[in-house]
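Below you'll find the structure, written out as structure tokens, and then a few comments.
The values are calculated or read from the model by the stated rules, or taken from the named source; none is laboratory data. A quick note: this is a predicted structure, and the numbers were derived from the prediction, not measured. Backbone-built Cβ (ideal geometry, glycine too); neighbour counts: all protein chains shown. Just the protein is used for accessible areas: all its heavy atoms, side chains included, with ligands, DNA and RNA removed. Shrake-Rupley method; radii C 1.70, N 1.55, O 1.52, S 1.80 Å.
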Amino acid sequence: MTDGKSKPGRPARLSRELIVSTALKRDLSTLTMRELAAGLGVSHSALYRWVRNRDELFDLVSEVMVERILPVAHPTADDWRDWLGRLAWAMHDEFLAVPGYAAHVAAPHRHNPRSFGRLRDQVVTAFTVAGANAEMAAQSWYVFGLGVTQWLGAQQSGHDLGPVAPRFELFLDVLLRGLPAREPVEHCRPET
């Protein structure tokens with residue numbers, strides 16, 4: 001007999017939250033679905049009932065990561081640059097804390113439209129409230145998003161970046177001083 005609140009039988013051993021938290025403790029660049037299932041203590045067929053493949057796993061991970069990095073408050077005309085700085089530092093801290101995640105985000109791949117869209121929309125809003133028109137706000141998103149993710153991906157991948165370690169705070173300062181994007185001045189193109 002049950003108490004009316006729980007169903008009889010074996011309780012569920014898996015949840016999306018448990019799957020993501022277990023994946024975030026592994027090196028995502030090498031994690032297989034079979035290894036993830038073993039880490040969860042279930043068969044890989046049981047895992048596939050919750051997550052069909054690595055793409056779907058990365059979609060779940062991305063949703064959690066975007067939730068972690070987006071500032072709670074929305075950007076305003078007075079704080080948009082500080083807001084972007086907080087976002088970039090959160091990306092730095094969260095992406096580099098998970099082995100393989102920054103490198104994955106920096107590599108070409110299919111993005112989760114839901115989480116990626118939330119991130120893009122908030123960053124575009126920051127540039128819009130800074131005074132950029134719709135096209136320049138979108139272009140600024142690309143500069144910001146690609147700049148930060150490529151920097152983090154290179155950092156995590158261990159690329160030889162020279163004898164002096166690059167400093168994220170310098171990179172971020174230069175990046176944010178140049179944004180939002182404006183129509184470029186004419187530069188002479190070399191003759192081909």
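Structural remarks
- If you go through region 45-76 and pick out every residue that is assigned to a loop (DSSP other than H, G, I, E, B) and either open to solvent by less than 10 Å² (accessible area, probe 1.4 Å) or within 17 Å of Asp121 (Cβ to Cβ) (or both), you end up with 8.
- Within region 101-157, restricting attention to residues that are at pLDDT below 95 and not in a helix (DSSP H, G or I), the residue that is least open to solvent (accessible area, probe 1.4 Å) is Asn112.
- Residue selected from region 34-76 under the condition among the β-branched types (Val, Ile, Thr) and more than 18 Å from the chain's Cα centre (by Cα), by the criterion farthest from Ser15 (Cα to Cα): Thr76
- Within region 166-191, residues that are free of Cβ contacts under 8 Å to residues at least 12 places away in the same chain reach partners that are assigned to a helix (DSSP H, G or I) with beta carbons closer than 9 Å, at six or more positions or on different chains, in the pairs Glu169/Trp89; Asp173/Gly85; Arg177/Arg81.
- Sub-7 Å Cβ pairs linking a first residue in region 33-44 that is free of Cβ contacts under 8 Å to residues at least 40 places away in the same chain to a second residue that is surrounded by fewer than 15 Cβ atoms within 10 Å (Cβ to Cβ) and basic (Lys, Arg), at least 6 apart or interchain, are Val42/Arg13; His44/Arg34, ordered by first then second residue.
- The single residue among Arg81, Arg86 that is in a helix (DSSP H, G or I), open to solvent by 80 Å² or more (accessible area, probe 1.4 Å) and in contact (Cβ under 8 Å) with a residue 24 or more places away in the chain turns out to be Arg81.
- Test set (1) open to solvent by less than 50 Å² (accessible area, probe 1.4 Å); (2) at pLDDT 95 or above - Ala181 fails condition number: (2)
- Leading residue by the ranking (surrounded by the most Cβ atoms within 10 Å (Cβ to Cβ)) among those in region 165-178 that are among the aliphatic types (A, V, I, L, M) and out of contact with any helix residue (DSSP H, G or I) (no Cβ under 7 Å at 6 or more places or on another chain): Val174
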